[in-house]
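Working notes, structure below.
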Amino acid sequence: MTDFLLVSGVAVAVCVVAMLVTAYAARRAGRVSVVDVTWGLALAAVALTSALVGDGDALRRWLLVGLVGGWGLRLSWHIWRRSSGHGEDPRYTELLGSRRGGPLVRVWIPQGAAIWLVSLPVQVSAVAGGGVDVVLALGVLVWLVGVVFESVGDAQLAAYKRNPERGPVMDRGLWRYTRHPNYFGDACVWWGIFVVCASAWPGVLTILSPVAMTYFLVFATGAKLLEETMMKRPGYPEYAARTSMFVPRPPKR
């Protein structure tokens, strides 16, 4: 428990520093959506510091650094490149405009707390002993499925936006089976990381973390907020009527 409290305390410090830097960057940029770039970087930083401070199974600690770091760096680079030169994300305009409280209450504190909560399996795993290799391998497989969905979905959407002859709605490739393949992939990534951590006791007790991540992606700052904006676009309600919002499945006729 002492070892875990040390790792968790360091993780809290990483989250606080990440949000302070992000708040400064947001003020300079004039938009709070820069926090989306911080998200992957901060989780990667927590994984790295947990591996350095913890004394648990070395293979799993550094495997998690690779899994979380690889995912986080790719995601942050993609979001930074996509949002560079653009204004505020409509999701955050909606979030800040329709509720009381400024960015501190509505964005910085919740995002910092969310990073700590989502990274809890990594923190626990950093001080856990050896585990079951088959479960660990299954977690890596789920993580890989998530990365493929997220990266391929992002690439397909980017190609669609570059096409001058594109239709009103992206409904090809993975987007034919789910309206948010990137968010679904993100959820799979963190369920996979949870399974890796659950390969050793007491990692299984941190199941609230992937549940919370899935909730964020579907209902909090992810799909639901984006849908409120997208439903105003021509052709999107028809697309939504035939296509699953989150879990991929064949479109309705």
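Descriptive notes on the structure:
- The GNM of the chain, with springs linking C-alpha atoms under 10 angstrom apart, assigns the highest mean-square fluctuation among ALA51, ALA137, ALA159 to ALA159.
- Residue exposure proxy: THR2, THR229, THR243, ordered by other Cβ atoms within 10 angstrom of their Cβ from fewest to most, comes out as THR2, THR229, THR243.
- A simple charge model with +1 on the Cβ of Lys and Arg, -1 on the Cβ of Asp and Glu and nothing else charged puts the dipole of the chain at about 1020 debye relative to its Cα centre.
- When the Gaussian network model of the chain links Cα atoms closer than 10 Å, the mean-square fluctuations of PHE194, PHE219, PHE149 top out at PHE219.
- Across all directions, the average projected area of the convex hull around the alpha carbons of the chain is 13.8 nm².
- Mean Kyte hydropathy of 1.6 or more with a Cα span along the axis of at least 18 Å, helices from DSSP in the chain: 35-53
- Using the Cβ of MET245 as centre and a radius below 13 Å, the other residues enclosed give a net charge of +3, where K and R count +1 and D and E count -1.
- Neighbour-count ranking [beta-carbon atoms within 10 angstrom, fewest first] of MET230, MET1: MET1, MET230
- P(r), alpha carbons of region 147-232 - 5 Å bins starting at zero, rounded %: 3, 14, 19, 20, 18, 11, 7, 5, 3, 1, 0
- Cα-based shape type of region 38-188, given that a ≥ b ≥ c are square roots of the gyration tensor eigenvalues and the cut on a/c is 1.5: oblate
- Counting neighbouring beta carbons within 10 Å and listing from fewest to most, the residues GLU165, GLU94 come out as GLU165, GLU94.
- CD proxy at 222 nm, helix term only [per DSSP H run n ≥ 4: -39500 (n - 2.57); per residue of the chain; nearest 500]: -22000 deg cm²/dmol
Each reported figure results from applying straightforward, stated rules to the coordinates on display, with no laboratory input. Note that the structure is a prediction, hence the values are computed from the model and not measured. As a convention, Cβ positions derive from the backbone with ideal geometry for all residues, glycine included, and neighbour counts pool all protein chains shown.
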